[in-house]
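Undergrad: Structure in structure tokens, see below.
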Amino acid sequence: MDLEETRSSDALLSAAEQLLASAPPSAISGRSIAQVAGVNYGLLHRYFGTKERCLHEALDRLLIAFEADA
């Protein structure tokens with residue numbers, strides 16, 4: 001991944017984390033993740049394939065951060 005792709009991917013993961021803080025996964029759309037991230041919706045599918053995969057990676061990232069603080 002180049003720098004731009006890394007930024008977009010990180011923005012999508014951060015947006016997914018934000019949305020997961022206030023809603024269950026079933027209530028979060030791929031478009032809402034992209035909107036909060038400020039990127040094109042197609043990038044979610046380019047980098048993650050599905051909304052579920054993006055949410056899964058966001059949860060993994062949160063778990064890693066949680067375990068590092070424990």
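Undergrad: Could you please find all residues in the range 42-58 being of a type outside the set (Lys, Arg) and surrounded by 15 or more Cβ atoms within 10 Å (Cβ to Cβ)?
TA: LEU43, LEU44, HIS45, TYR47, PHE48, CYS54, LEU55, GLU57, ALA58
Undergrad: When you go through (1) part of a helix (DSSP H, G or I); (2) surrounded by 11 or more Cβ atoms within 10 Å (Cβ to Cβ) one by one for PHE66, which number turns out not to apply?
TA: (2)
Undergrad: As an exercise: evaluate SER9 against (1) touching a helix residue (DSSP H, G or I) at 6+ places or on another chain (Cβ under 8 Å); (2) open to solvent by 40 Å² or more (accessible area, probe 1.4 Å) and give the number of the one condition it does not meet.
TA: (2)
Undergrad: Would you check which residues across the range 23-50 are farther than 14 Å from ALA11 by Cα and assigned to a helix (DSSP H, G or I) and list them?
TA: Within the range 23-50, PRO25, SER26, ALA27 meet the criteria.
The values are calculated or read from the model by the stated rules, or taken from the named source; none is laboratory data. Quick caveat: nothing in here was measured; it's all calculated off a predicted structure. Methodologically, a virtual Cβ is constructed for each residue, glycine included, from the backbone with ideal geometry; neighbour enumeration extends over all protein chains shown. Calculation scope for accessible area: heavy atoms of the full protein, side chains included, ligands and nucleic acids excluded. Shrake-Rupley method; radii C 1.70, N 1.55, O 1.52, S 1.80 Å.
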